[in-house]
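Below: the structure, in structure tokens.
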Amino acid sequence: MAPPRTYRCEAITLSYTPLGEADLLVTMYTRDQGKVRAVGKGARRSTSRLVGHLEPLTVVRMSMAHGRSMDIISQAEVLESFATLKEDLTGITKGLYLAELVDGFGSEASANPSLFQLIVDTLRAVEADPASDMPLRFFEFHLLQVSGLMPELYHCVECRQELEPHAHRFSPNVGGTLCLDCNPDDAHLRPLSLRALKVLRLLDRSSIAEACKLSIDESLAEELKGLLFTTVAYWLGKEIRSNSFLERLRKESRSEVYIEGL
Ligand SMILES: [Zn+2]
């Protein structure tokens, strides 16, 4: 019998679940093969060489063997552990939100190196400043872009007129921005301020480092969050579980600020 074919890949681990007595079923996003689910044999044993290498949000170089139904992780070398991010509750919660979105948008056996690079770059930005939400907005916007779902920001999606510099409306359902003259029957239609449109255009042409330097007030931040989160959730078509914990953390940190300010 021919030996099983092995391969090496660079991946970011997204999640894992226990499998059998001592194994782990790991979901990861690889640079060159898209989403992969693979088994870490004996990875829950304290003596395993894989211990600590497969926890979510770790960039790992893997040696894999093709198994009968699922690939087997034979070796793992940590390239980037995001140890500082994982020590911060907000940081790790944001990281798991990114991981859930990559799991939802990434497909198996379909490579998207831009998506791999996007989550790694965004995790670095979250690690550098866990309190800032701008890395998440940059990620949501570019997640749509690298998934071929980039919202239209320059022309009305209905009449194709170039958008004048004032307030418009936005709908994920029809693919982006609408002028005020077009009134399609669309339950997802929402107002879009000129400020928010400008930030979306800026996200389109900025690097994550440039986007993170942007300082915006709370009402604009809320508008962008609502708009981008709704669009991502619309395309994902299911509940984003990690977001409810993220929202709870936000509310708690706000009430702490309130108590401190008494
Ligand atoms: Zn129009």
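The values are calculated or read from the model by the stated rules, or taken from the named source; none is laboratory data. Quick caveat: nothing in here was measured; it's all calculated off a predicted structure. All Cβ positions, even for glycine, are placed from backbone atoms using ideal geometry, and neighbour counts span all protein chains on display. Only protein heavy atoms, including side chains, enter the accessible area calculation; ligands, DNA and RNA are left aside. Shrake-Rupley method; radii C 1.70, N 1.55, O 1.52, S 1.80 Å.
Taken over the range 6-81, the percentage of Cα pairs per 5 Å bin, counting from 0 up to the bin with the maximum distance, is 4, 19, 32, 30, 13, 3, 0. For the chain, modelled as a GNM whose springs connect Cα atoms under 10 angstrom apart, the maximal fluctuation among LEU203, LEU149, LEU180 occurs at LEU180. Contact order for the range 6-81, expressed relative to its length and based on alpha carbon pairs under 8 Å spaced 6+ residues apart, stands at 32 percent. With a cut-off of 15 Å between beta carbons, the residues surrounding ARG49 carry a summed charge of +1, where Lys and Arg count +1 and Asp and Glu -1. Given axes a ≥ b ≥ c from the Cα gyration tensor, I'd like to know whether the range 1-43 is rounded (a/c under 1.5), prolate (a/b larger than b/c) or oblate. Here the range 1-43 falls in the oblate category.
A straight Cα-to-Cα reach below 13 Å connects LYS35 with the aspartates and glutamates GLU10, ASP71, GLU100, ASP103, GLU108, residues fewer than 8 places away in its own chain not being considered. Neighbours of ALA22 by Cβ distance under 11 Å: Lys/Arg scored +1, Asp/Glu scored -1, total +1. Here the range 108-189 has 46 percent of its accessible surface on carbon and sulfur atoms, given a 1.4 Å probe and all protein chains in place. Among the trypsin sites (Lys or Arg not before Pro) in the range 163-262, those located in a DSSP loop and surrounded by at most 16 other Cβ atoms within 10 Å of their own Cβ are LYS213, LYS238. Please report the spacing between the Cα centers of the range 118-190 and the range 1-56 in Å, no decimals. If you average the Cα positions of each part, the centres end up 35 Å apart.
Here the range 6-81 exposes an accessible surface that is 46 percent carbon and sulfur, computed with a 1.4 Å probe and the other protein chains kept in place. The accessible-area ordering, largest first, of the residues GLU55, GLU210, GLU247, GLU162 stands as GLU162, GLU210, GLU55, GLU247, per a 1.4 angstrom probe.
Accessible area per residue for the chain, computed on protein heavy atoms with a 1.4 Å probe, is 52 Å². When the alpha carbon gyration tensor of the range 84-260 is reduced to an equivalent ellipsoid, the three semi-axes, largest first, read 27, 20, 15 Å.
The chymotrypsin sites (Phe, Trp or Tyr not before Pro) of the range 95-155 meeting both criteria, a DSSP state outside H, G, I, E and B (loop) and at most 14 other C-beta atoms within 10 angstrom of the site's C-beta, are TYR154.
Shown here for the range 50-99: trypsin sites (Lys or Arg not before Pro) in loop regions (DSSP other than H, G, I, E, B) with at most 10 other Cβ atoms within 10 Å, namely ARG68.
If you take all other residues with their beta carbon under 14 Å from the beta carbon of CYS9, and give Lys and Arg +1 and Asp and Glu -1, the sum is +1. Within the same chain, aspartates and glutamates fewer than 8 places from LYS213 are excluded, and of the rest, those with a Cα less than 19 Å from its Cα are ASP121, GLU127, ASP129, ASP133, GLU140, ASP204, GLU222, GLU223.
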